[in-house]
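The values are calculated or read from the model by the stated rules, or taken from the named source; none is laboratory data. Since we're looking at a predicted model, the values are computed, not measured. Cβ placement follows ideal geometry from the backbone for every residue including glycine, while neighbour counts extend to all protein chains displayed. Note: accessible area is taken over every heavy atom of the protein model, side chains too, but ligands, DNA and RNA are not part of it. Shrake-Rupley method; radii C 1.70, N 1.55, O 1.52, S 1.80 Å.
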Amino acid sequence: MKDARASRGCVLQLRDLHKRFGATPIIRGVSLDIDQGERHAIIGPNGAGKSTLFNLVSGLFAPSAGSIRLDGEPIEGFSPFEIYRRGLARSFQVTNIFPRLSVFENIRCSVLWSLGYRYSFKRDVAKLSDANARTGEVLEQIGMSARRDVRAGVLTYAEQRALEIGITIAGNARVILLDEPTAGMSRAEAARAVSLIRTISVGRTLVMVEHDMGVVFDLADRISVLVYGEIIATDAPTRIRENPAVRAAYLGTGPGNL
Amino acid sequence: MSESKTASPVPERRSGALLQWLERRKAWLFAAIVLIILPHVPGLDGNFGRSLLSQMGIAAVFALSYNLLLGQTGLLSFGHAVYFGLGGYAGIHLMRAINAGLPIPMPLVPLAGAATGLAFGMLFGALTTRRAGVVFALISLGVGELVFAAMRILQGFSGGEEGITANRGMGPHPFGLTFGPQLQVYYVIVFWSAMAAALMAAFLRTPAGRMCNAVRDNPERAAFIGYDPVRIRFVVFCVAAMFAGLAGGLHALNYEIVAAEAVGAGRSGTVLLMAYIGGVHSFFGAVLGAVTITWLQVSLSDYTTAWQLYLGLFFIAVVLFAPGGLSGLLLMHRPILGTRAFLHVVKSYAIAALPALAAAAGAIMLLEINYRRATQPDTGARMRLFWMDVDTSSVWPWLSAIALLAGGAFLFNRCRRLVANAWQQASDEARTVGGMQREPRP
Ligand SMILES: Nc1ncnc2c1ncn2[C@@H]1O[C@H](COP(=O)(O)OP(=O)(O)OP(=O)(O)O)[C@@H](O)[C@H]1O
Ligand SMILES: [Mg+2]
C-alpha cells in the first residue's frame with residue numbers, strides 16, 4: 001500500500017516494528033513517521049531499545065516483524081550497503097571507525113561510493129580531485145584538518161567521536177541517523193558537535209538518539225520517547241516536556257531534568 | 001588526450017616534465033637498474049646465483065599476491081598455493097604445446113598462469129570469501145587439501161608427485177633468444193615480476209584497493225559507507241589468485257617441471273612464513289620476506305640437514321619479538337635515521353651482536369649434536385661442527401656449547417641496556433631537533 005504521507009514528504013516510515021533476540025522482545029511494535037527535512041530526536045532510558053531501532057532501520061539487523069519504508073519503498077531486511085545506497089547513513093554509539101587508516105583515509109573511503117567510484121580498479125585515488133576535495137571539506141567541517149595524517153586508532157576519544165560523525169556525513173546521505181553523537185564529550189566539545197550537526201542537517205533529514213536534554217531541546221523539531229521497546233509519545237519539544245506519561249516514565253528511571 | 005597536452009612543442013617544458021616523471025619514479029627506476037645489474041655481480045653471475053635470483057623473483061610475486069590478502073585485506077589463507085600451482089600447471093601445459101609446435105614465444109607462458117589463477121580465484125573465491133576470519137581460513141585449508149588430492153588423482157593432467165616436464169628452449173626463438181640460458185629466463189622473470197609488483201601497487205591505490213584496507217580494519221563499518229565487504233573480498237581474492245597464478249607460470253618456466261607439491265599445503269605454509277617474516281603490514285615486507293626465506297631455503301640446506309628447524313625457530317623469533325617483521329624492524333629506524341646519535345645505536349648493535357652470536361653458536365652446537373644423535377645414531381660420535389672435528393661422546397663439546405650459550409645470553413642481556421640508552425638518546429634528539437632544521441655537524 002502506498003502511503004499518502006510519502007508524497008507529502010514522509011521520508012522514513014516505521015510500521016508496527018518488532019525485534020526479538022531469542023525469546024526476548026526488545027522492540028515491541030514501533031510505528032513512526034519521519035518527515036522530510038525534520039530533526040527528530042529519540043530519547044528514552046538505558047536499554048529502551050533506541051540503538052536497536054537504529055540497527056533495524058540501517059540494516060544491521062532484520063526486524064522480526066513489521067515494515068520500514070524509505071521514500072515509500074520497503075527496505076526491511078535489506079543489507080546496510082543497500083540501504084546506504086538509497087540515501088541513509090548512520091553513526092554508532094560505540095565508535096566504529098577504521099583504526100589503522102589515517103583520518104584522511106577514513107573520510108576518503110567514506111566519500112568514494114557517493115561520488116560514483118564504486119568498485120573501480122582503474123583509477124588512482126590520488127587523482128580523484130572531487131573525492132580529495134570533498135574529503136578536505138569534511139575534515140574542515142569536523143575540525144580535523146590538522147590531524148589528517150594521524151592513524152585513527154590513536155586519536156583521543158573526542159576526536160574519534162568527531163571522526164565518527166565525519167564518516168557518517170561524508171557521503172552526503174539524505175537521511176542521517178546519529179546514535180548519541182555527543183556522548184562522553186566535554187561541554188565545549190559537545191557545543192561544537194551541536195553546531196556541526198546543525199550545519200550538516202540543513203536540507204537533510206536527521207534522526208538522533210541523545211541523552212543530553214540540552215542538546216535535544218536545542219536541536220530537535222520533534223521528539224519521540226521510547227520506553228521498553230514502545231514509543232509512548234511523539235511531539236514537539238515543549239509538549240513532550242509537559243506530557244504526563246513521559247514525566248512518569250522519566251521520574252521512574254531517575255533524571256527529572258526534563 | 002593528456003598525451004597531447006604533455007607533448008607540448010616547447011622543449012624546455014618537455015624536459016621538465018620528463019625530469020618530473022623520473023623524479024616520481026625514482027624508486028622504481030633504481031630498483032630496475034639494480035635488478036638488471038644483479039646477475040652480473042660477482043658471486044651471483046654463475047648459474048647458481050642466477051637461479052637463486054630467479055627463485056627470489058618468483059617468490060616475491062607470490063608473496064606480494066599473498067600480501068594483498070593477508071596484509072591488506074586481513075584474509076588469512078592456508079591455501080594460496082592452489083592458485084600458484086594451477087597457474088604452474090597451465091604454464092607447463094602451454095610449454096608442452098609450444099614444444100609440440102604451437103607458435104607462441106615462451107616469455108608469454110606466465111600469462112596462461114595468470115589467466116588460470118584468475119579463473120580458479122573466481123570459482124573458489126565465490127565460495128570462500130563469503131566469510132572472513134577463522135571460517136575463511138578453514139575453508140581455504142579445505143580447498144587446498146581438495147585441490148592437492150585432485151592433482152594426485154588426475155595423473156594424466158598433473159603427473160602426480162613426479163610432476164610433468166617441458167622444455168623451455170624448444171619453441172619460437174624471437175631475436176635469436178632461446179630462453180635456454182638461466183640469464184635469459186632471469187630477465188623474463190624480472191620483467192613479469194616488476195610488472196606484477198607495479199600493478200599490485202597500482203591496484204592498492206584504486207578505490208577498490210583502498211576499500212581492502214577499510215574492510216580489513218572494520219568490515220561492518222565498510223558496509224555502512226556503501227561497500228559490500230564480501231564483494232571487496234571477492235575482488236581482492238581474484239586479483240591475488242591471478243598474480244599467484246602468474247608466479248606459478250614463472251615457476252613452470254624456471255624449473256620446466258610442475259608437480260603436485262606446487263598446490264600443496266607446504267607451499268601455502270611457506271608463503272605465510274614469508275609474509276610474517278617480512279612483515280605483514282607492508283608491501284615492501286612481502287618482498288623482503290620472500291627474498292630472505294628463499295635465500296635461507298637455498299643456502300641453509302647446504303650447511304645442515306636440520307635447516308627446517310632453524311627456519312621454524314627464526315619464524316617463532318620474528319613472530320614473538322618483531323611482530324612487524326623484518327620490514328617493521330627496518331622502518332622502526334626511520335625517525336632516528338638522520339640523528340647524530342644514530343651512530344651510537346649502530347655501535348650498540350655491533351657490541352650486542354657479539355654475545356648474541358656466541359649464544360647462537362652455542363645453541364647451534366647443541367642442536368646439531370642432538371639432531372645428529374637422534375637422526376643418525378649409527379654414524380658414531382665424531383662429527384664436524386663449524387670447522388672443527390668434535391667427539392660428542394666426550395664432555396667438552398657439550399660443556400663449551402653450554403658455556404657459550406649461557407655466557408652469551410648473560411652478556412647479551414647486559415648489552416640491551418646499552419642499546420636502549422642509545423635509542424633513548426637518538427629519539428630524544430630526533431624529537432627536539434626534528435625535521436629539516438638539524439644543526440650542521442661541528
Ligand atoms: N545483538 C543483541 N543481542 C541480544 N540482545 C541485545 C542485542 N542488542 C541489544 N540487545 C538488548 O536489547 C536491549 C536494548 O538495547 P539498546 O542498545 O537498543 O538500548 P538503548 O536504548 O540504545 O540503550 P542505551 O541508552 O544504553 O544506549 C538491551 O537490553 C540489550 O541488552
Ligand atoms: Mg544505545
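Below, the figures for the structure above:
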quantity	calculated
Dipole moment magnitude, nearest 20 debye, chain B about Cα centre, only Lys, Arg, Asp, Glu C-beta charged	1200
Karplus 3J(HN,Hα) series, Hz, for region A:13-28 with 6.51 cos²θ - 1.76 cosθ + 1.60 (x for Gly, Pro)	9, 9, 10, 6, 7, 10, 9, 10, 9, x, 9, 8, x, 10, 10, 10
Net lengthening on full extension, B:Phe410/B:Phe191 (0.36 nm per residue, minus Cα-Cα)	74.0 nm
A versus B: buried accessible surface, summed, Å² (probe 1.4 Å, to nearest 100)	2700
Along chain B, longest interval not containing exposed GluC sites (Glu not before Pro), exposed being DSSP loop plus at most 12 other Cβ atoms within 10 Å	B:163-442
Sites excluded, trypsin sites (Lys or Arg not before Pro) in DSSP loops with at most 12 other C-beta within 10 Å, longest stretch of chain A	A:123-258
Charge dipole of region B:342-438 about the Cα centre (unit charges at C-beta), most positive-ward option of B:Asn413, B:Val345, B:Thr432	B:Thr432
Pairwise FRET efficiency - B:Ala202 versus B:Phe48, Cβ, R0 = 30 Å, nearest 0.05	0.30
Theoretical FRET efficiency, 1/(1+(r/R0)^6), r = Cβ-Cβ of B:Arg231 and A:Lys127, R0 22 Å, to 0.05	0.40
13 Å cut-off, amide nitrogen to a point 7 angstrom out along A:Asp221 Cα→Cβ, residues in region A:9-46	A:9-12, A:33-41
Net charge dipole size for region B:342-438 [Lys, Arg +1 and Asp, Glu -1 on Cβ; Debye, nearest 20]	280
Virtual spin-label span in nm between B:Ala353 and B:Ala149, 7 Å along Cα→Cβ	5.0
Spatial separation of Cα centroids for region A:74-94 and region B:381-432, in angstrom	59
The protein assembly as shown - mean residue ellipticity at 222 nm from DSSP helices (-39,500 (n - 2.57) per run, n ≥ 4, rounded to 500)	-19000 deg cm²/dmol
Cβ charges +1 (Lys, Arg) and -1 (Asp, Glu), total dipole of chain A, debye	460
Backbone N within region B:184-212 under 16 Å of label point (7 Å from A:Leu115 Cα along the Cβ vector)	B:205-211
Inter-label distance for B:Leu183 and A:Ala62, nm, one decimal - labels placed 7 Å from Cα along Cα-to-Cβ	6.6
Residue among B:Met274, B:Met365, B:Met95 with the largest mean-square fluctuation in a Gaussian network model of chain B, springs linking Cα atoms under 10 Å	B:Met365
Two-site FRET efficiency, A:Asp71 against A:Thr238, from Cβ-Cβ distance with R₀ of 22 Å, rounded to 0.05	0.15
Distance in nm between pseudo-label sites at A:Arg20 and B:Trp387 (7 Å out along the Cβ direction from Cα)	8.2
Accessible solvent surface per residue of the protein assembly as shown, calculated while the other protein chains remain in place, 1.4 angstrom probe, Å²	48
Portion, in percent, of the accessible area of chain A that falls on carbon or sulfur, probe 1.4 Å	51
Phi to ³J(HN,Hα) by Karplus 6.51 cos²θ - 1.76 cosθ + 1.60 over region B:425-432, Hz, x for Gly, Pro	4, 5, 6, 4, 4, 4, 5, 6
Table column - 3J(HN,Hα) (Hz), region B:256-271, Karplus curve with 6.51, -1.76, 1.60, x for Gly and Pro	6, 8, 10, 10, 4, 4, 4, 9, x, 5, x, 5, 4, x, 4, 5
Charge dipole (the protein assembly as shown, unit charges on Cβ, about Cα centre) - positive-most of B:Cys212, A:His18, A:Leu196	A:Leu196
Cα centroid separation - region B:156-191 against region B:39-85, whole Å	18
Potential extension, B:Val135-B:Ala97 segment - 0.36 nm per residue separation minus Cα distance	9.7 nm
Accessible area of chain B belonging to carbon and sulfur atoms, whole % at 1.4 Å probe	68
Rg/Rg_ref, chain B, where Rg_ref = 2.2 N^0.38 Å and atoms are Cα	1.13
Extended-chain gain in nm, criterion 0.36 nm per residue less alpha-carbon gap, B:Ile257 and B:Arg417	52.4 nm
